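Single-structure report; data block below.
The values are calculated or read from the model by the stated rules, or taken from the named source; none is laboratory data. Remember, it's a predicted structure, so these values are computed and weren't measured experimentally. So basically every Cβ, Gly included, is an ideal-geometry build from the backbone, and we count neighbours across all protein chains shown.
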Amino acid sequence: MAISNVAGKPGEKTLLLGNEAIARGFIEGGLRVGASYPGTPASEILNTLINVGDKYGIYTEWSTNEKVAAEVAISTAISGLRSMVSMKGVGVNVASEPFQAFSYMGTVGGIVLVSADDVGMHSSHTEQDNRFFAREAYLPIFEPPGPKGAHQMAKAALDYSEKWGQPVMFRTTTRIGHSAADITLGPIQKTKEKGEFKRDPSRWVNLPVNARRMRRELIERMEKIGEEVESIPFNQIVAEGDGQFGVISCGVTFNVVREAFKAMDLGDKIGLMKVGTPYPLPKKMVQRFLASNERVLIVEEVEPFVETQVKSLAHEGSLSTQILGKEHIPLAGESGPREVLMGLSQFMGMKPPHRFERADRIWKEAQALIPPRPPVLCPGCGHRTAFFAINVVEKKLGLKKEGGIVKPSDIGCYTLGYQSPLNAVDTNYCMGSSIGASSGFSHVIDNKIVCTIGDSTFFHSGIPPLLNAVYNKADINVVVLDNSTTAMTGFQPHPGVGKTATGQDTKCVLIEDVAKACGADTVDVVGSLDLDGLVEALEKAVNTSGVSVVVARQPCVLLDVRTRLKEGEKINKYQVDQELCTKCELCLNLFGCPAFRKIDDVIDVDLALCNGCAACANILVCPQEAFKEVD
Amino acid sequence: MAVDVKVVLAGVGGQGAVLAGYVLAASAIKEGLSVRTYGDMGMSRRGGSVSSFVNIFDKEGTSATAVGTADLLVGLEPIEAVRYCRYLKEDGIVVVNSYLILPSTVGKKERAELSEVQNLLEFLKKNFKKTIVFDANKIACEIDSLTTNVVMLGAAFSTGKIPVSTETFKQTLRDSFAPKIAEMNIEAFTRGYDECSGK
């Protein structure tokens, strides 16, 4: 029973999230292997394949990082079976190298690299447009207009990749992956269980001598693909228009453009071309569209990827069509109904039909009335206690006077240690950067350095920089915040959990063993909720020169409470004894558990939110020890 | 008649705004309608501000909602209702839970100012044709504290703005969840509906 039925019968209509629709498309396309590393907005693609993979003979895995996932998928494709590797947009940076080389080799089975770009940066640190990566690596791109299109296109991407003998990119965005729609399920192509590796070192070994030959073959292959995209259904001149104005729309903006046409009452006056393969573009179709319109607006999100190609095609074809794009459509953020309506109106020299002044005034007034509500660490989260302990040690050792401890951090739930009142994150560049950044600091500044990195991120890309710190004699302290899951993206397992993606038992690799093997000078393991133990271990680490590692371990409180409630266990909650509370507000101003509240001058705990971690009962959080277990 | 209804659900991570949006969308599909939803996921879930947009059509449409164009705002929490009310049309309807959840990141001064829920509710009443206020938290806690989202959906249905029958919605709950959970949510839905119908 579920709201969505990804494993439903062909013809059935069900509500599917864009990412579920993509997964279903792959299943319908005879997928054999799906590999990924969790990351918003891509996670649900592999989550879905894991949930139903057994039924369709699909092997799934959470790989340790995107590069490894790519390599797993590539070997499947080389063995003649179909595979997909999905990741958030920035993950493509990590997976870049194998795809650069694999593109030269070409593929046997269909293989799709899903790049879930985060336009709007809902949960990423860049808005990078990976279509440029695909262009550079010669990967044809499929870019769907919405969840329904994504469902059809995912299957087609596998088919075309195999037909063309070339790996392809499926570029989706947060808007598509996290939109749900009514989807009609299609028939499923069965996959073979075993592939066959046909030995051919001149192709599968990318020595320069082979690569030089393969690069020429690649260019020829892409020319042929360029011809083929002229006739695939995802590229289409939808409306001819009256020859004056035309719009070329790519990706998620297509349906928004159509809505805008309706709102502006443009009827069939305006031409419209839909682009589903922004690389290679259907050149002839584009030139035909340009030739039949005086002025053309390119509507696409983020970078002018299609726009610059179209301009170049106009030049090649000696076409005098006026081509506009980023003059009217924003470079940053999503191009939603408002942006497209405004851009299109400017382009047409019309007044926009909808006035946004009222909404803007309301928003201005609302902002003055309400505070932001950023995501925060959950009540009972062990990360909060660990960050609080770092702050306690900083104060206790009098380090604040010396410029304070420098606290590089990393990517995961614990990046939220950035928020007030903890304010315990000083830098964050990318996955695994905390340890490398710390090494860099240790050679050039005098401050003590305590960095934080999560368990999953440690396995993803924390091990080489730890080795580097040891090898290059850095003086740093590394706190591995181990909540035994990849929490932010929805509790995916990793090598330190002892379970595979599908829940099978496997070896559990302990972070402390890895740290010792890397040569760390001291390695301590403390429970994240043991505030006194944490302070002691951190004090020792900071006072020891060389590389000290403290593993702060506590299962993610959300998962832990869920499991304990299921097992019939009671969660012992904590409440403020009002007799003892002096209203000093230190608990709110230094620790900041979201379950604490102050209403009508009374500080208490919202018991609906309390997860019973007991950290507040420690004298370091409340000098009065006013937090008491509820009977 | 053409169906084109835009609903915005706004709340705090953990209240179930996104899940409520899916159940609403699934119920619309049962009535033969087309839907597009967009819900915040990933980083937003950790106690942050969360919204879910549910657009229901008889033909096709998009999941993107421009400010000033939604028909109904379902505010699971008053601060979040104020945050997302810009999406509502002038003649749109607000249904809002009066139970306040203060962000843990606010400072001492803001804490005192924000405790005045009345200011937030007045703001909504001033700007929109109709604002229905009630304590959904109190009703939910009598059933199960996790049912606030469905109590609020009951209230949303009572406005008559949602083009789905209450029977279809209840059936969707039965089809989507285990019997015990479905019945609990149906009770929450009915309580919310009864509390607000005629308001």
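Does A:I603 meet the test of being part of a loop (DSSP other than H, G, I, E, B) and either surrounded by 13 or more Cβ atoms within 10 Å (Cβ to Cβ) or of a type in the set (A, V, I, L, M, F, W, C) (or both)? When the stated conditions are applied, A:I603 does not pass them.
Checking each residue in the range A:43-73 for being among the aliphatic types (A, V, I, L, M) and surrounded by fewer than 24 Cβ atoms within 10 Å (Cβ to Cβ) picks out A:I50, A:V52, A:I58, A:V68, A:V72. When A:E339, A:E307, A:E365 are checked against the criterion of being touching a Gly at 6+ places or on another chain (Cβ under 9 Å), within 10 Å of chain B (Cβ to nearest Cβ) and modelled with pLDDT of 95 or more, A:E339 stands alone in meeting it.
Has the range B:50-58 got at least one residue that is facing chain A (nearest Cβ under 10 Å), of a type outside the set (S, T, Y) and touching a Phe, Trp or Tyr at 6+ places or on another chain (Cβ under 7 Å)? For the range B:50-58, residues facing chain A (nearest Cβ under 10 Å), of a type outside the set (S, T, Y) and touching a Phe, Trp or Tyr at 6+ places or on another chain (Cβ under 7 Å): present.
Would you check if B:T159 is assigned to a helix (DSSP H, G or I), of a type in the set (S, T, N, Q) and closer than 22 Å to B:L73 by Cα? No: the conditions fail for B:T159. When the range A:310-363 is limited to residues that are part of a loop (DSSP other than H, G, I, E, B) and of a type in the set (S, T, Y), the one that is farthest from B:A64 (Cα to Cα) turns out to be A:S318. Which residues, counting only those in the range A:23-61, are of a type in the set (A, V, I, L, M, F, W, C), within 14 Å of chain B (Cβ to nearest Cβ) and part of a helix (DSSP H, G or I)? Result: A:I45, single match.
Any residue that is surrounded by fewer than 17 Cβ atoms within 10 Å (Cβ to Cβ) and more than 28 Å from B:T147 (Cβ to Cβ) - is there at least one of those in the range A:556-576? No, the range A:556-576 has no match at all.
A single entry from A:T76, A:T64 fulfils the requirement of being of a type in the set (S, T, Y), touching a residue at least 40 places away in the same chain (Cβ under 8 Å) and assigned to a helix (DSSP H, G or I): A:T76. Here B:I101 fits the description: closer than 28 Å to A:P375 by Cα, touching an Asp or Glu at 6+ places or on another chain (Cβ under 6 Å), within 11 Å of chain A (Cβ to nearest Cβ) and not charged (D, E, K, R).
Going through B:G16, B:G32, B:G47 one at a time, which residue ends up being small (G, A, S), surrounded by fewer than 22 Cβ atoms within 10 Å (Cβ to Cβ) and at positive phi?
B:G32
For the range B:35-43, the criterion of being free of Cβ contacts under 8 Å to residues at least 12 places away in the same chain, facing another protein chain (nearest Cβ under 10 Å) and surrounded by fewer than 23 Cβ atoms within 10 Å (Cβ to Cβ) is met by at least one residue.
Just one of the numbered conditions (1) modelled with pLDDT of 95 or more; (2) out of contact with any Gly (no Cβ under 8 Å at 6 or more places or on another chain); (3) surrounded by fewer than 24 Cβ atoms within 10 Å (Cβ to Cβ) is not true of A:T385: (3).
Among residues of the range B:19-30 that are without any contact (Cβ under 8 Å) to a residue 12 or more places away in the chain and at the interface with another protein chain (Cβ under 9 Å from one of its Cβ atoms), those with a Cβ under 9 angstrom from a residue that is part of a helix (DSSP H, G or I) and crowded, with 24+ Cβ neighbours inside 10 Å, sequence gap 6+ or separate chain, pair up as B:I29/B:T172.
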